[in-house]
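**Q** Here you go, one structure.
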Amino acid sequence: MAHGMRTDSHTHYAGRSDWRTTASRYALVPLRIFLSVTFIYAGLDKLTDDAFMRASGAGSIGQLMTDIRDISAIPDLVDLSLKNPVGFGYAIAFGELAVGIGTLIGLLTRIAALGGALISLSLWLTVSWSTEPYYYGNDLAYLMAWLPLVLAGASVLSVDALIADRRKGALGPR
């Protein structure tokens, strides 16, 4: 017998493997809920903030982009947003809403999560790039949080799962 090492890791005990299987299937649901609610809230917050959706002035998207231009990792991306800051603000807000809703209901979850990861990546490379130490900026953490959903999608409690189940039913047993 090896001391300190479990030798029964592949032995199935009654009920134990069922719990692990269920927990594994539902493991990403809390992450989906958190990210989707956060992105829906962020999108709605931008859309309902009169000061934010302006080309200039305190609290505006235009002022934010101007302020971070020289400290971002990709100033060319910021320059692109400054060509039409209000349009960029609406694009980000509606993008966050689409990502949040898609992730919450589990519709095209991998694509929605990829959208969330790209939004988070762009915010990390622009808005929070100069945050020191880096772990104080939350955009990098959001980017990393989206990656499991990009890879795994939504296997339960989702429109994607309903569609997959219907396809399996239509194909019949193999």
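**Q** Mind checking which residues of region 34-67 are in a helix (DSSP H, G or I) and over 23 Å from ALA112 (Cα atoms)?
**A** So in region 34-67, the residues in a helix (DSSP H, G or I) come out as 34-48, 61-67.
Residues satisfying the conditions are ILE61, GLY62, GLN63, LEU64, MET65, THR66, ASP67.
**Q** Another question, if that's okay. Could we say that VAL99 is assigned to a helix (DSSP H, G or I), of a type in the set (A, V, I, L, M), in contact (Cβ under 8 Å) with a residue 40 or more places away in the chain and closer than 25 Å to ASP49 by Cα here? Spell out how you get there, then give the answer.
**A** On the way: assigned to a helix (DSSP H, G or I): yes; of a type in the set (A, V, I, L, M): yes; in contact (Cβ under 8 Å) with a residue 40 or more places away in the chain: yes; closer than 25 Å to ASP49 by Cα: yes.
It is true that VAL99 is assigned to a helix (DSSP H, G or I), of a type in the set (A, V, I, L, M), in contact (Cβ under 8 Å) with a residue 40 or more places away in the chain and closer than 25 Å to ASP49 by Cα.
**Q** Restricted to region 145-165, and to residues that are in a helix (DSSP H, G or I) and among the small types (Gly, Ala, Ser), which residue is nearest to GLY102 (Cα to Cα)? Working first, answer last.
**A** Taking region 145-165 first, the residues in a helix (DSSP H, G or I) are 145-152, 159-165.
Now drop any that are not among the small types (Gly, Ala, Ser), which leaves 145, 152, 161, 164.
Details: ALA145: 16, ALA152: 15, ALA161: 13, ALA164: 16 Å.
Out of the qualifying residues, it is ALA161.
**Q** Shifting gears a bit: Would you check which residues across region 68-80 are in contact (Cβ under 8 Å) with a residue 24 or more places away in the chain and part of a helix (DSSP H, G or I) and list them?
**A** Initial filter on region 68-80 (in contact (Cβ under 8 Å) with a residue 24 or more places away in the chain): 68, 71-74, 77-78.
ILE68, ILE71, LEU77, VAL78 - these are the residues of region 68-80 that are in contact (Cβ under 8 Å) with a residue 24 or more places away in the chain and part of a helix (DSSP H, G or I).
**Q** When the residues of region 106-144 are narrowed to those that are outside any helix (DSSP H, G or I) and within 24 Å of LEU82 (Cα to Cα), which ends up most open to solvent (accessible area, probe 1.4 Å)? Spell out the reasoning first.
**A** Step one: filter region 106-144 for residues outside any helix (DSSP H, G or I), giving 106-108, 127-133, 137.
Then drop every residue that is not within 24 Å of LEU82 (Cα to Cα), which leaves 127-131, 137.
Numbers: VAL127: 48, SER128: 11, TRP129: 112, SER130: 53, THR131: 44, GLY137: 10 Å².
In this case the residue turns out to be TRP129.
**Q** Do we find that SER158 is of a type in the set (Ser, Thr, Tyr), open to solvent by less than 40 Å² (accessible area, probe 1.4 Å), under 17 Å from the mean Cα position of the chain (by Cα) and under 29 Å from SER81 (Cα atoms) in this structure? Before the answer, list the steps.
**A** Working: of a type in the set (Ser, Thr, Tyr): yes; open to solvent by less than 40 Å² (accessible area, probe 1.4 Å): yes; under 17 Å from the mean Cα position of the chain (by Cα): yes; under 29 Å from SER81 (Cα atoms): no.
In short, no.
This table checks each residue for (1) among the charged types (D, E, K, R); (2) at pLDDT below 95; (3) surrounded by fewer than 11 Cβ atoms within 10 Å (Cβ to Cβ); (4) more than 28 Å from the chain's Cα centre (by Cα).
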| site | (1), (2), (3), (4) |
| --- | --- |
| THR11 | no, yes, yes, yes |
| GLY15 | no, yes, yes, yes |
| ARG20 | yes, yes, no, no |
| TYR26 | no, no, no, no |
| LEU35 | no, no, no, no |
| PHE39 | no, no, no, no |
| LYS46 | yes, no, no, no |
| ILE61 | no, no, no, no |
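**Q** Between a residue in region 137-161 that is closer than 29 Å to ILE68 by Cα and any residue that is at pLDDT 95 or above and open to solvent by 50 Å² or more (accessible area, probe 1.4 Å), which pairs come within a Cβ distance under 7 Å, given they are 6 or more apart or on different chains?
**A** Sorted first by the residue in region 137-161, then by its partner, the pairs are GLY137/TRP124; ASP139/TRP124; LEU140/TRP124; LEU143/LEU121; LEU143/TRP124; VAL150/ARG110; VAL150/LEU114.
**Q** Right, another one. Mind listing just one residue for me: the one in region 72-105 that is open to solvent by less than 80 Å² (accessible area, probe 1.4 Å) and among the β-branched types (Val, Ile, Thr) and, of those, farthest from VAL37 (Cα to Cα)?
**A** Applying the filter and picking the extreme gives ILE74.
The values are calculated or read from the model by the stated rules, or taken from the named source; none is laboratory data. Since the model is a prediction, treat every value here as computed from it, not as a measurement. With ideal geometry, Cβ positions are generated from the backbone for all residues, glycine too; neighbour counts draw on all protein chains shown. These accessible areas exclude ligands, DNA and RNA; they are computed on the full protein's heavy atoms, side chains included. Shrake-Rupley method; radii C 1.70, N 1.55, O 1.52, S 1.80 Å.
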